[in-house]
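Trainee: Below you'll find the structure I mean.
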Amino acid sequence: MPTVVSPEQDEIATQLAFLPNETNDEYTARMKVRYEQVKKEADRINAEHAARMRSLVQAWRQ
């Protein structure tokens, strides 16, 4: 029976797969770039969430 994954999981698996004729060094460089992009987006989301929570706390204290 095949494993069923969400479209998002399938997309991530495709992004993480080796490309045809890709060397280990090329793969590593590509994964470093991808990691930095994902980390930057996560940091942005975390900062937005923290700002929203600070705003809620300030409103609650008033």
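Since every read-out is calculated from the coordinates, none of them should be taken as a lab result. Owing to the predicted nature of the structure, the values given are computational and were not obtained by experimental measurement. Positions of Cβ are generated from backbone atoms using ideal geometry, with glycine treated the same way; all protein chains shown enter the neighbour counts.
Trainee: Compute and list, largest first, the equivalent-ellipsoid semi-axes of the chain from the alpha carbon gyration tensor, each √(5λ) rounded to a whole angstrom.
Mentor: Equivalent ellipsoid of the chain: 38, 18, 5 Å, largest first.
Trainee: How much length is gained on full extension from Lys39 to Asp10, taking 0.36 nm per residue of separation minus their Cα-Cα distance?
Mentor: 8.4 nm
Trainee: Next question. Could you give the length gained by full extension between His49 and Tyr27, i.e. 0.36 nm per residue of separation minus their alpha carbon distance, to one decimal place?
Mentor: So the chain would gain 4.7 nm between His49 and Tyr27.
Trainee: Tally Lys/Arg at +1 and Asp/Glu at -1 over every other residue whose Cβ is under 12 Å from the Cβ of Gln15; what's the total?
Mentor: On the way: positive: Arg30, Arg34; negative: Glu8, Asp10, Glu11.
Taking every other residue near Gln15 into account, the sum is -1.
Trainee: Still on this structure, please answer the following. For the chain, which chymotrypsin sites (Phe, Trp or Tyr not before Pro) are both in a DSSP coil and crowded by at most 13 other Cβ atoms within 10 Å?
Mentor: Phe18
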